[in-house]
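K.L.:
Have a look at the structure that comes next, please.
The values are calculated or read from the model by the stated rules, or taken from the named source; none is laboratory data. Just so we're clear, the structure is a prediction, and the values are computed from it rather than from any experiment. Glycine gets a Cβ as well: all are built from the backbone with ideal geometry, and neighbour counts include every protein chain shown. Accessible surface areas use protein heavy atoms only, side chains included; no ligands, DNA or RNA. Shrake-Rupley method; radii C 1.70, N 1.55, O 1.52, S 1.80 Å.
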Amino acid sequence: GRVFVATANGLVQALTLDPATGVLARDDANSIALPDPKTYVAGLAVSPDGTKLVVSQVQDTKLLVYSCAVAAPDYGKLLGTLDLGGDESFTVAFDPNDPTGASAYVSLWSGKRVLAVDLSNAASPVIKATYATDRNPEGIAFLSARFMAVASAFGEALAIVDRMSGEVTSVPVDVEPSKLHGGEPTLPVYDAA
């Protein structure tokens, strides 16, 4: 029943959701203040077990990990940080094929790469893998426990990432018949059915 919204004013805004009616309401008491009031949130994701909120930023290199379990006494506490080695992240995502939420994936425009972050120790997250992509990697879709697709906006492509081998295959986005550039894929989605 809780929804989190990224903001550009140093806050992760909490909302309550009534699943029966679909009504959303501000929940300022459960919003999470970030360390810098000027933080511009880029990516935001809750772990599949509902205990960790991961925040990536546009103008800072740090990934922030917060406690977000609804009834936890440490709700909203900053658990850990990680320097990603680049700013201008677009998104952070958890693989729905991994119910443990041990890894989060962050796309970084600034370095044309996606980082796999090990969150098994939330107080000391570490980068466990780096996948090179085409220009401006943005949204991520998980195709299976092994493969993910990453939209490369300025690369006019999807990067298919084999997380077992580390191999990344660029698949150009077909903008025929116009032959015009500017397809700029941003957010792939995947329907397993």
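K.L.:
Of all strands (runs of 3 or more DSSP E) completely enclosed by the range 63-173, which ones contain at least 1 residues that are under 20 Å from residue 185 (Cβ atoms)?
P.N.:
In the range 63-173, 89-94, 103-108, 113-118, 126-132, 137-142, 147-152, 157-162, 168-172 are the strands (runs of 3 or more DSSP E) which contain 1 or more residues that are under 20 Å from residue 185 (Cβ atoms).
K.L.:
Search the range 126-144 for residues that are on the phi > 0 side of the Ramachandran plot and pair each with any residue that is assigned to a strand (DSSP E or B) and crowded, with 16+ Cβ neighbours inside 10 Å when their beta-carbon atoms are under 8 Å apart and the residues are at least 6 apart or on different chains.
P.N.:
Pairs found: 136/90; 136/152.
K.L.:
Right, another one. Could you list all residues from the range 100-111 that are under 13 Å from residue 150 (Cα atoms), out of contact with any Phe, Trp or Tyr (no Cβ under 7 Å at 6 or more places or on another chain), open to solvent by 10 Å² or more (accessible area, probe 1.4 Å) and free of Cβ contacts under 8 Å to residues at least 40 places away in the same chain?
P.N.:
Scanning the range 100-111 gives no hits.
K.L.:
Moving to a separate point now. At pLDDT below 95, more than 13 Å from the chain's Cα centre (by Cα) and more than 25 Å from residue 51 (Cα to Cα): which single residue out of 176, 88, 167 fits that description?
P.N.:
Of the residues listed, the single one that is at pLDDT below 95, more than 13 Å from the chain's Cα centre (by Cα) and more than 25 Å from residue 51 (Cα to Cα) is 176.
K.L.:
Looking at residue 35 and the list (1) over 17 Å from the mean Cα position of the chain (by Cα); (2) in a strand (DSSP E or B); (3) at pLDDT below 95, which single condition is not satisfied?
P.N.:
Unmet for residue 35, out of (1) over 17 Å from the mean Cα position of the chain (by Cα); (2) in a strand (DSSP E or B); (3) at pLDDT below 95: (2).
K.L.:
Then there is this: Counting only residues that are within 23 Å of residue 76 (Cα to Cα) and touching a Lys or Arg at 6+ places or on another chain (Cβ under 7 Å), which one in the range 118-134 is most open to solvent (accessible area, probe 1.4 Å)?
P.N.:
Within the range 118-134, the match that is most open to solvent (accessible area, probe 1.4 Å) is 118.
K.L.:
Any chance you could count how many residues in the range 1-33 are within 19 Å of residue 104 (Cβ to Cβ) and touching a Phe, Trp or Tyr at 6+ places or on another chain (Cβ under 9 Å)?
P.N.:
Residues in the range 1-33 being within 19 Å of residue 104 (Cβ to Cβ) and touching a Phe, Trp or Tyr at 6+ places or on another chain (Cβ under 9 Å): 3 in total.
K.L.:
Working only within the range 21-41, note down all residues that are more than 15 Å from residue 63 (Cβ to Cβ) and open to solvent by less than 80 Å² (accessible area, probe 1.4 Å).
P.N.:
Of everything in the range 21-41, those that are more than 15 Å from residue 63 (Cβ to Cβ) and open to solvent by less than 80 Å² (accessible area, probe 1.4 Å) turn out to be 22, 25, 27, 30, 31, 33.
K.L.:
May I ask you to list the residues in the range 50-62 that are open to solvent by 60 Å² or more (accessible area, probe 1.4 Å) and assigned to a loop (DSSP other than H, G, I, E, B)?
P.N.:
59
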